[in-house]
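Remarks on the structure that follows.
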């Protein structure tokens, strides 16, 4: 990545010369969940002294926007475990020239923070939801409470965010059978949903991954058997490619 500062309008570019207008900013590596595909149960986190302060993150965001970034997504770990994250949202949301400020969250903290985040200038939310079964949800997240997350989704809807998208990591033998139910849940509430191929980020062997892996193509085929999917030309800053069911404003994505 480099910044072309030879002109009056510097542009952030990758090594192929493509302009970068979308950046993800991780506000912490800590999380209150220990999802089986993401983290070990006993994690060693980055020392707090090595993590940027909120003021440093705000300054970085201002520099990025001056270099042409139009959209910023706050991620983690879990961003809502970072103290005063709403202040960071307010500071970044006020940057002139920024078009979108979004966040990816596990949803557990939204009952406390959704209204403040919306008031601070957050535009969109991505909320992780891998199961609608409380026991299975607990097994997948190790520490998560489904009731708390569902309440967080309701709080986000009530707060009036521009769009809310559910992210579901799908694994054979763990939650593969819940794909139709997750789609129905999203459509009934006017939410978008993206299904994500499992990636080996946590403690998982290659043999385990081979057995658990479900491709996006297989998921589309599974859904197409019960729901007409119309491909959308729309693209976002992320890797999802979206389809839509006729009569619905919700988008169904696959990563």
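The values are calculated or read from the model by the stated rules, or taken from the named source; none is laboratory data. Only a predicted model underlies this, so the values are computations on that prediction, with no experimental measurement involved. FYI the Cβ positions are ideal-geometry reconstructions off the backbone, even for glycines, and counts take in every protein chain you see.
Brief remarks follow.
- Of all the numbered requirements in (1) crowded, with 18+ Cβ neighbours inside 10 Å; (2) under 27 Å from residue 70 (Cα atoms); (3) out of contact with any helix residue (DSSP H, G or I) (no Cβ under 8 Å at 6 or more places or on another chain); (4) in the same structural domain as residue 11 (by TED's automatic domain parsing), residue 141 misses one, and that requirement is (2).
Okay, residues lined up against (1) assigned to a strand (DSSP E or B); (2) within 21 Å of residue 100 (Cβ to Cβ); (3) in contact with a strand residue (DSSP E or B) (Cβ under 7 Å, 6 or more places away or on another chain); (4) in contact (Cβ under 8 Å) with a residue 40 or more places away in the chain:
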| site | (1), (2), (3), (4) |
| --- | --- |
| 131 | no, no, no, yes |
| 138 | no, no, no, no |
| 149 | no, no, no, yes |
| 165 | yes, yes, yes, yes |
| 168 | yes, no, yes, yes |
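- Counting residues in the stretch 177-195 that are within 18 Å of the chain's Cα centre (by Cα) and at pLDDT below 95 gives zero.
- Count of residues meeting criterion [surrounded by fewer than 20 Cβ atoms within 10 Å (Cβ to Cβ) and part of a helix (DSSP H, G or I)] in the stretch 75-85: 1
- Selected residue (criterion: surrounded by the fewest Cβ atoms within 10 Å (Cβ to Cβ)) from residues of the stretch 55-74 that are touching a helix residue (DSSP H, G or I) at 6+ places or on another chain (Cβ under 7 Å) and more than 11 Å from residue 103 (Cβ to Cβ): 58
- Looking across 122, 117, one residue alone is under 15 Å from the mean Cα position of the chain (by Cα), buried (at least 17 other Cβ atoms within 10 Å of the Cβ) and either in contact (Cβ under 8 Å) with a residue 24 or more places away in the chain or part of a helix (DSSP H, G or I) (or both). It is 122.
- Look at (1) under 22 Å from residue 240 (Cα atoms); (2) touching a helix residue (DSSP H, G or I) at 6+ places or on another chain (Cβ under 9 Å); (3) at pLDDT below 95 and you find that residue 201 fails only one, number (2).
- Residue in the stretch 39-49 that is part of a loop (DSSP other than H, G, I, E, B), within 18 Å of the chain's Cα centre (by Cα), in the same structural domain as residue 150 (by TED's automatic domain parsing) and modelled with pLDDT under 95 present: yes
- Taken over the stretch 3-38, the residue count meeting the criterion of being at pLDDT below 80, surrounded by fewer than 12 Cβ atoms within 10 Å (Cβ to Cβ) and under 22 Å from residue 72 (Cβ atoms) is 2.
- Neighbours by Cβ (under 7 Å, 6+ apart or cross-chain): first from the stretch 59-71, modelled with pLDDT of 95 or more; second assigned to a helix (DSSP H, G or I): 61/92
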